[in-house]
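Novice: Below is a structure I'd like to ask you about.
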Amino acid sequence: MTEDEDSLAERKMRFLYALRSRGITDGRVLTAMEAIDRGAFVKGIFADRAYEDTPLPIACGQTISQPSIVALMTQALSLNPRDRVMEIGTGSGYQAAILSQLARRVYTIDRHRRLVREAEEVFQALNLPNITAFTGDGSHGLPDQAPFDRILVTAAAEDPPGPLLAQLKVGGIMVVPVGQTDAVQTLIKVVRTEDSFEYEELRSVRFVPLVEGLASE
Ligand code: SAH
């Protein structure tokens with residue numbers, strides 16, 4: 001084994017250890033995080049930092065989320081293998097790939113055409129056929145595919161967008177960061193009941209903003 005390979009294996013092991021020590025206890029989530037190589041989603045000069053528990057820059061001025069936050073959000077969704085999930089904010093595609101291991105179908109949407117195209121290439125390379133990626137303004141959700149068992153928003157909104165709440169099934173769960181986009185936000189878990197929505201605050205987080213409309217690239 002070369003020194004590089006050795007340190008790569010070690011880095012991957014430390015990556016999983018860090019998740020456990022940050023409160024990720026769900027064995028299925030840990031297995032998904034082990035199966036999906038974050039290194040496939042980080043390109044260029046930051047590639048060698050893929051196994052650090054830190055957000056990293058990706059194309060179009062966006063970021064791939066911190067792995068422990070990806071794991072925490074996934075855990076909060078309590079996914080069932082039969083679930084249809086919608087993710088707003090494809091970004092690198094990493095979070096969608098994790099979801100694809102735990103749900104039946106993943107619909108992911110980003111306002112940057114370029115990010116969607118690049119993520120689709122990685123989904124194909126990793127053979128993840130149960131993910132469908134769309135370019136569009138995710139704040140409107142995907143009315144044609146609704147309703148969803150689970151919804152994950154990976155960009156911060158001032159409030160959970162109404163159209164997304166409307167596309168959540170009764171009994172369904174949505175996880176969304178809310179708050180001012182230039183400050184610390186709160187990650188919220190929303191559960192839809194027969195006649196209302198229940199809200200639970202999970203922790204503070206920092207996400208890029210949910211922006212209206214399509215981007216230029
Ligand atoms: N889940 C991603 C990280 C998301 S970063 C990952 O695993 O890598 C947030 C993403 O949300 C960015 O790519 C940004 O382009 C996207 N975004 C922001 N506003 C949006 C909107 N209204 N509709 C769709 N995507 C949006």
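Novice: So residue 94 clears everything in (1) within 9 Å of the ligand (Cβ to nearest atom); (2) open to solvent by 10 Å² or more (accessible area, probe 1.4 Å) except one condition, right? Which one?
Specialist: Looking at each condition in turn, residue 94 falls short on (2).
Novice: So, one more: From 78, 100, grab the single residue that is open to solvent by less than 20 Å² (accessible area, probe 1.4 Å) and more than 10 Å from the ligand (Cβ to nearest atom).
Specialist: 100
Novice: A follow-up question, please. So, in segment 112-144, exactly how many residues are open to solvent by less than 50 Å² (accessible area, probe 1.4 Å), in contact (Cβ under 8 Å) with a residue 60 or more places away in the chain and not in a helix (DSSP H, G or I)?
Specialist: 3
Novice: Can you tell me which of (1) surrounded by 17 or more Cβ atoms within 10 Å (Cβ to Cβ); (2) within 16 Å of residue 118 (Cβ to Cβ) is the one residue 88 doesn't meet?
Specialist: Condition not satisfied by residue 88: (2).
Novice: Could you list, in sequence order, all residues of segment 82-126 that are of a type in the set (Gly, Ala, Ser) and either under 19 Å from residue 137 (Cα atoms) or at pLDDT below 95 (or both)?
Specialist: 89, 91, 92, 93, 96, 119
Novice: Quick one: residue 18 ticks every box in (1) touching a helix residue (DSSP H, G or I) at 6+ places or on another chain (Cβ under 7 Å); (2) at pLDDT 95 or above bar one, so which box is it?
Specialist: Checking residue 18 against (1) touching a helix residue (DSSP H, G or I) at 6+ places or on another chain (Cβ under 7 Å); (2) at pLDDT 95 or above, the one that fails is (2).
Novice: For segment 197-214: of the residues being of a type in the set (A, V, I, L, M) and in a loop (DSSP other than H, G, I, E, B), which is most open to solvent (accessible area, probe 1.4 Å)?
Specialist: 214
Novice: Just one of the numbered conditions (1) in a loop (DSSP other than H, G, I, E, B); (2) near the ligand (Cβ under 6 Å from one of its atoms) is not true of residue 109; which one?
Specialist: With respect to (1) in a loop (DSSP other than H, G, I, E, B); (2) near the ligand (Cβ under 6 Å from one of its atoms), residue 109 is out only on (1).
Novice: When you check residue 64 against the structure, is it closer than 20 Å to residue 126 by Cβ and crowded, with 20+ Cβ neighbours inside 10 Å, yes or no?
Specialist: It is true that residue 64 is closer than 20 Å to residue 126 by Cβ and crowded, with 20+ Cβ neighbours inside 10 Å.
Novice: Consider residue 158 against the criteria (1) within 14 Å of the ligand (Cβ to nearest atom); (2) farther than 14 Å from residue 85 by Cα; (3) modelled with pLDDT of 95 or more; (4) surrounded by fewer than 20 Cβ atoms within 10 Å (Cβ to Cβ): it satisfies all of them except one. Which criterion is unmet?
Specialist: Result: residue 158 passes all but (3).
Novice: Something else now. One residue is enough: does segment 179-187 have a residue meeting the conditions more than 27 Å from residue 61 (Cα to Cα), within 16 Å of the ligand (Cβ to nearest atom), under 15 Å from the mean Cα position of the chain (by Cα) and not in a helix (DSSP H, G or I)?
Specialist: no
Novice: Filter segment 52-75 down to the residues that are hydroxyl-bearing (Ser, Thr, Tyr) and more than 16 Å from residue 32 (Cβ to Cβ), then identify the one that is nearest to the ligand (Cβ to nearest atom).
Specialist: Only one residue fits best here, namely 63.
Novice: Of (1) open to solvent by 70 Å² or more (accessible area, probe 1.4 Å); (2) assigned to a helix (DSSP H, G or I); (3) under 22 Å from residue 187 (Cβ atoms), residue 30 satisfies all except one. Which?
Specialist: Status for residue 30: all satisfied but (1).
The values are calculated or read from the model by the stated rules, or taken from the named source; none is laboratory data. Note that this is a predicted model, so its numbers are computed, not measured. Here the Cβ is made from the backbone with ideal geometry for all residues, glycine too, and neighbour counts use every protein chain on show. The area values use the complete protein model at the heavy-atom level, side chains included, leaving out ligands, DNA and RNA. Shrake-Rupley method; radii C 1.70, N 1.55, O 1.52, S 1.80 Å.
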